[in-house]
Amino acid sequence: MVVIAAWFQPSAAQGPPTSFQTATLFEGARLISGDGGTPIENAAFLVQNSRFTRVGRTGEVQPPAGATRVDLTGKTVIPALVDGHSHIGYMKHLTSGAQNYTRENILDHLHRFAYFGVAATQSMGTDFGEMPFQLRDEILA
C-alpha cells in the first residue's frame with residue numbers, strides 16, 4: 001500500500017509549469033480517492049508542487065516536460081489516514097505501561113503508523129515531560 005499525502009486543488013493545474021515547479025506522474029496503481037466513489041484501476045495522477053493537479057487513468061494524464069515518472073503497478077494508493085485517539089509509546093510487545101514510554105518506542109510507533117498509512121495522530125494527554133514536544137519539533141526521516 002502507498003499513501004500519498006497531498007491535497008487535490010484543480011486551480012493548481014492552471015497555467016504552464018515553470019522552472020521552479022516540481023512534477024511527478026504516478027502511474028499504474030489502484031487509486032482509492034476517499035470520496036466514496038469506485039476505485040480507479042490502472043490510475044495515473046500528477047502531483048505538482050505537493051498538490052494533486054490531475055487524476056485519471058494511465059495514458060489519459062499527460063505530465064509536463066521533465067516530470068518524474070513513478071511506476072506503482074501492483075500498489076494501492078489511499079488518502080492519508082488520521083488517528084484521532086492514541087496512546088503512543090505505551091505498548092511494547094505484550095506489555096503496556098509507563099515503563100515502555102521511551103523515545104525509541106515512541107518513534108517505533110510513529111514509523112509503524114506511517115507504514116500503514118497514518119499521517120497524523122493525536123495523543124490523548126498521557127504523555128510524560130517535554131519529550132513529545134521535542135519529537136514534534138524535530139524533522140525525522
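Using θ = phi - 60° in the Karplus curve 6.51 cos²θ - 1.76 cosθ + 1.60, the 3J(HN,Hα) couplings for the range 51-67 round to 10, 5, 10, 8, 9, x, 9, 3, x, 8, 9, 9, x, x, 4, x, 5 Hz; x is entered for Gly and Pro.
The mean accessible area for residues of the range 51-141, using a 1.4 Å probe and ignoring ligands and nucleic acids, is 69 Å² per residue. In terms of overall dimensions, the range 28-141 has a Cα radius of gyration and Dmax of 18.6, 54 angstrom.
The listed peptides 52-60, 114-122, ordered by packing as a protection proxy, come out as 52-60, 114-122 (highest mean of other Cβ atoms within 10 Å first). Taking the protein heavy atoms of the range 46-91 in the context of the full set of protein chains, the accessible area attributed to carbon and sulfur is 53 percent at 1.4 Å. The percentage of C-alpha pairs in the range 68-115 whose separation is greater than 14 Å is 62%.
The phi torsions of the range 93-99, fed into the Karplus equation with coefficients 6.51, -1.76 and 1.60 and a -60° offset, translate into couplings of 6, 10, 10, 9, x, 4, 5 Hz, rounded to whole numbers, with Gly and Pro shown as x.
The values are calculated or read from the model by the stated rules, or taken from the named source; none is laboratory data. Worth saying up front: this structure is predicted, and the values here are computed from it rather than measured. Every residue, glycine among them, receives a Cβ derived from its backbone with ideal geometry; neighbour counts consider all protein chains shown. The area values use the complete protein model at the heavy-atom level, side chains included, leaving out ligands, DNA and RNA. Shrake-Rupley method; radii C 1.70, N 1.55, O 1.52, S 1.80 Å.
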